[in-house]
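K.L.:
Take this structure, written in C-alpha cells, and hold onto it; I'll ask about it next.
Values quoted throughout were computed directly from the atomic coordinates according to the rules given, and no laboratory measurement underlies them. Please read all numbers here as calculations on a predicted model, not as lab measurements. We place every Cβ from the backbone using ideal geometry, glycine too, and count neighbours over all the protein chains shown.
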Amino acid sequence: MQICTNRTKQGRFTSQFQLVLLVGLIWIAALGALGCERCSPQNPLGRLLEKSGVVERDTAAQLEVWSTASKGAEFGVGDAVRTKTTATAQVALDDGSVLVMEGDTLIRFLERPPGSTEHALDLSMGSAVIEASTQSTTVVTSFGTAQILGGSKLRLERKADQLTFKVMVGTAKLESEGGTAMSLQAGQVVVARLGSAVLEEASEVQEAPLPIEEEITPPSGPITAQVQGQNVRIRGPSDAAFSSFPPGTQAVSQGSTVEVGARSSVTVSQGSSTAVLSSGGSYVLGADGQLVRATSGSFKVESATKLRLAVPGGFIETTAGAAQVTALGAQGTQVLVERGEVQLVGKTRETLLSGDEGTIALDGSVKVEGRGLDHFDLEIGPGQSLVIHDPHPPTAIAFHFGKMCTQGVVRLKSKAKASLPGGSVARGTKWVALPVAQGRVDYTLACIAESGEEQAVSARGSVTVLADAGNKPAPLQAPSTTVDANGRSYTVLYQNQLPQVALRWPGAPSGVSSFTIKRASAGVSRSYTSSQPSYFLASGSLPEGSHRFYFEGGGRVSRLTTVNIIFDNATPTASLQTPVNAGGAPGSPLRLNGSVLPGWAISVDGRAVNPDAEGRFSVMTQMPPQGRPALLFLSHPTRGAHVYLRRSAGAR
C-alpha cells in the first residue's frame, strides 16, 4: 500500500496512481547507479525523532540489508524503516507532519512525482498513525484518498487486501477509488478493500469526540525569540538546512524549526503568550497560528489570555495560566499545571488546576493525575513524620493542611520507580490523600494562592512504611558488638537500649602488660587502661553519635577507628498479639493486646493507654467507618512516632 501526503487538497485517486508507483519503483532501481538529489542528506524525506525497542533500516543502495536505525537517522528516496514486535518509531516528515509507526510495521520512502510536494510512502505491513501539522494533509493510497484536517490524526492498518482507516483525533474526509465520499470524526472507523469502490463503516460503536466549545483567537503579531546559550540552531520555513542561532533577541519567521542543545534555552513570545523551550528538544514556531509545537523535548507556556495549542492526541487550552508541556513521542504529551487553569481536550475534556498532571495519548485518551485518592487509612498533619507498621502496604494517608491554607498541593518523593493508583501528587481543599508504598517517602506541602499560583513549600516531612504485622517481640536487651581498631568506620544500630561495644586491637605487640585506649566523642576525650589489647564498654558508655578511638601500647599506636551509634527507627517499639485481620464491621468492638518498650507513650482513639510494670497493655476500641483500620499510636520524646494498623476481616 502506498501513501502520498500533501499539504493541499488532492484530486480523486485514479489509475494514474499505478503509473506513479511504477515510476517510483524505477527511480529506486536507478538510485544506486545514478544517484538522486532528493537522497542528499541536506534534503531528507524523513527523520527518526523517537524510538523504543528494535527499529531497523535499509537503504536504496542495499535493499533488504537491515541495520539498527539510530535516533536522528534520515531517510531518502528508496530507504525503508521497520519496527520489530513491541517496538515503536516516530518519524518527522519534511512537510511538518509526523508518522508514528507501531510494532511489526514496514514503510519505504518512494520518489515524489516531478513537480509535486507529496510524500510517497509504501506501507507494506503493519500500522501507522499520520498526524497532520497545523495545516491539512492529504493521504493518497491505493485504497482511496483521505484529507486530514490540521491537528487531526488518522490511523492506517494494513491487513492483506484491506486497509482500515480510524480517525484518532479531529476530522478526516475519505474518498474511495470509485468516488464514494465520507466525513469522519474522532472514533469512527472505515474499512477499504482493493478494487472496491465502497467504503464500509465499521459496525462497532465508536466513542464520539468532545467538540471544541468555542473559537479561540490565536496569538498574532511578530514572533520574537530570546536565545540563551551557544547550542541553538534554526531552520527557516524555506531553508534546506539548519544554521546557528546566536544568543540575543531577534525576530523569527512563522514555521521555523528550532533545535535547543545542552546548556541552552529559548524564550519565544507572541502577543501576550510566551513559551520557554528547554534543552534537548526540537520545536516548530508560529505554524498556522500555533505559538509552539514540540516534536521532542519540553517547554513552559504562559498566556495572559486564552491560548490553544495542538499536541499529538488533541489540544491544550490555557486560561491565564502556566504549564510545563513535554512531548513523550509515541506515548503522547504530558502536561503539568504550574498556575491557573488548563484544559486537556482529546476524546474527553478534562480541567486541570495548579499541581495537577495529565497526559494526552496518541489515540486521544486523556488521563489526569494530581487528584489523589478518595479514601484513606490514617491522617497526619502538615510537617508530621512517622513510621507506619502496615501488614499489607501501600498505606493510604490523608495529609491535612486546613490550618495552614485552604488550597494546597502535596508531593511525594521516593526512590520507588513504580507508580501507584492515586499518583504521587495531589491538589485539594484542606486535605488530600495519597498512597505510600513500602519504604521511606519524603513529602512537601505548598499552598495555593487565590490567584491560583502555587506558593513556596510551607511544610515538609517524611513517612516510612514497613510491611510489618507488628507481632514480633520488642527487644528487651541491649545489642552487643565487637569493633576492631583497623582504621575503618563502623555503624552500630541499636533499638531500645544503647549497645554494648567490645573494642579490640588485632595485631597488637605481644609481651605488653599495659594498654591505653583513647576515645574522642563530640569534642570530649576520655582514656581507659587495660592489661589486654581490648576493652569492654557497657550499654550507655557510648551515647548516640560518632566516636573515634585508638590503642597505645609497647611503643606502637593502632589505627584511628570510627564507631557511629545510630538509633534504628524501623525497630518494633511494640508487639501486638491482636491478629492482623481481627476487626469486624465498622463500629464493631476490637481489643488491642500487646506490650510496649519503656519510654513510649500509647494512645488509641486519642485516649492515653497506661501499660503495666511489664509494659503490657489491653485496650478496647471500635472499628472506624468506611473500612478504615484501627490504629495504635506510640510516641517517644526523642524517637518520634509509630503507628500500628489492624484491618477488618477480609481486608487486604
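K.L.:
Would you mind checking the radius of gyration and Dmax of region 550-616 based on alpha-carbon positions, in Å?
P.N.:
Taking only Cα atoms of region 550-616, I get Rg and Dmax of 22.4, 74 Å.
K.L.:
Also: With +1 assigned to the C-beta of every Lys and Arg and -1 to the C-beta of every Asp and Glu, and no other charges, what is the dipole magnitude of the chain about the Cα centre in debye, to the nearest 20?
P.N.:
For this selection, approximately 2460 debye.
K.L.:
Ignoring solvent entirely, what values of log10 I(q)/I(0) come out of the Debye formula for region 324-421 at 0.12 Å⁻¹ when each Cα is a single scatterer?
P.N.:
At q = 0.12 Å⁻¹ the computed log10 ratios are -0.52.
K.L.:
For region 378-467, what percent of Cα pairs sit more than 17 Å apart?
P.N.:
When every Cα pair of region 378-467 is considered, 43 percent fall beyond 17 Å.
K.L.:
Shifting gears a bit: Find how many whole Å separate the alpha carbon centroid of region 212-290 from the alpha carbon centroid of region 545-597.
P.N.:
So the two Cα centres are separated by 58 Å.
K.L.:
Sort Ile397, Ile448 so that the residue with the fewest other Cβ atoms within 10 Å of its own Cβ comes first and the one with the most comes last.
P.N.:
Ascending Cβ contact count within 10 Å gives the list Ile448, Ile397.
K.L.:
Within the chain, what percent of beta bridges assigned by DSSP are antiparallel, to the nearest 5?
P.N.:
90
K.L.:
Where does the charge balance sit around Ile448 when Lys and Arg score +1, Asp and Glu -1, over other residues with C-beta under 10 Å from its C-beta?
P.N.:
That works out to -1.
K.L.:
Using only the Cα atoms of region 223-365, what semi-axes does the equivalent ellipsoid have when each is the square root of 5 times a gyration tensor eigenvalue? Give whole Å, largest first.
P.N.:
25, 16, 13
K.L.:
What percent of all Cα-Cα pairs in region 480-567 falls in each 5 Å bin, counting up from 0?
P.N.:
Histogram of Cα-Cα distances, whole percents per bin: 3, 15, 28, 26, 16, 8, 3, 1, 0.
K.L.:
May I ask which residue of Met182, Leu328, Thr224 lies farthest towards the positive end of the charge dipole of the chain, with charges of +1 (Lys, Arg) and -1 (Asp, Glu) on Cβ and the Cα centre as origin?
P.N.:
Leu328
K.L.:
Still on this model: Rg to Rh ratio, region 274-338, alpha-carbon atoms and Kirkwood radius?
P.N.:
Using Cα coordinates only, the ratio equals 0.91.
K.L.:
Under the √(5λ) rule applied to the eigenvalues of the Cα gyration tensor, what semi-axes describe the equivalent ellipsoid of region 574-646? Give them in Å, descending.
P.N.:
Semi-axis lengths for region 574-646 are 22, 13, 10 Å.
K.L.:
Taking the Cα centre of each part, how many Å lie between region 504-542 and region 345-397?
P.N.:
55
K.L.:
Could you work out the helix-only [θ] at 222 nm for the chain, with each DSSP H run of four or more residues adding -39,500 (n - 2.57) and the total divided by the number of residues, to the nearest 500 deg cm²/dmol?
P.N.:
Calculated mean residue ellipticity at 222 nm is -1000 deg cm²/dmol.
K.L.:
Project the alpha carbons of the chain onto their principal axes and report the range along each, largest first, in whole Å.
P.N.:
104, 70, 50
K.L.:
Arrange the peptides 326-332, 225-231, 406-412 so that the one whose residues have, on average, the most other Cβ atoms within 10 Å appears first.
P.N.:
The peptides rank, most packed first, as 406-412, 326-332, 225-231.
K.L.:
Tally Lys and Arg at +1 and Asp and Glu at -1 over the other residues with C-beta under 10 Å from the C-beta of Ala582: what net charge comes out?
P.N.:
Cβ neighbours under 10 Å give a net charge of +3.
K.L.:
Might you report the magnitude of the Cβ-based charge dipole of region 480-567 about its Cα centre, with Lys and Arg at +1 and Asp and Glu at -1, to the nearest 20 debye?
P.N.:
It works out to roughly 180 debye.
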